[in-house]
1. Can you tell me the length gained on complete extension of the stretch Glu35 to Ile94, counting 0.36 nm per residue apart and subtracting the Cα distance?
2. Could you state how much accessible area Leu98 has, in square angstrom rounded to the nearest 10, with a 1.4 Å probe and all protein chains kept in place?
3. Could you put Asp33, Asp48, Asp66 in order of accessible surface area, largest first, with the 1.4 Å probe and the full protein assembly present?
4. Working with all protein chains in place, sort Lys12, Lys4 by solvent-accessible area computed with a 1.4 Å probe, largest first.
5. Calculate the translational D of region 14-100 in whole µm² s⁻¹ from Stokes-Einstein, where the hydrodynamic radius comes from the Kirkwood formula applied to all Cα pairs, the temperature is 25 °C and the viscosity 0.890 mPa s.
6. Helix 8-18 versus the longest principal axis of the chain: what is the Cα-based angle in degrees, 0 to 90, to the nearest 10?
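The values are calculated or read from the model by the stated rules, or taken from the named source; none is laboratory data. Predicted model only: the values in this text are computed from it and were never measured. Surface areas here come from the heavy atoms of the whole protein model, side chains and all, with no ligands, DNA or RNA. Shrake-Rupley method; radii C 1.70, N 1.55, O 1.52, S 1.80 Å.
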Amino acid sequence: MPFKATPVYVTKAALFRTLGHPARVRILELLRDGELSVGTLQEELGIDSGGTSQHLAALRRIGLVDSRREGTSVYYRAADPQVFALLEVGRALIARALAEQQALLEELSAE
């Protein structure tokens, strides 16, 4: 049976599904300024080490983060800075939707 390539839209859906958890988006936002240790990420997220590790593993599986070990510590960084552009597009879409809602609210208040 010949190899059948996964359609791009399926791969994109997997990317967005992985990004569908707030902790994973937060991890990427935290990595915007450079690499961080698992301990620092755990502290910033306010979740236990198991939860942090699961989220990092999910991001690593789809290639959004890379890791390196230094002694007993593991450090994570964004694998590609384009992920930050994706986060910015998300922010812009949310801001536009909120501006439209605000305009509607102001119109309703004026009536």
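1. Computed gain between Glu35 and Ile94 is 18.6 nm.
2. Leu98 has an accessible surface of roughly 100 Å² with all protein chains in place.
3. Highest to lowest solvent-accessible surface, that is Asp33, Asp48, Asp66.
4. Descending accessible area places them as Lys4, Lys12.
5. Answer, rounded: 182 µm²/s.
6. Value to nearest ten degrees: 90.
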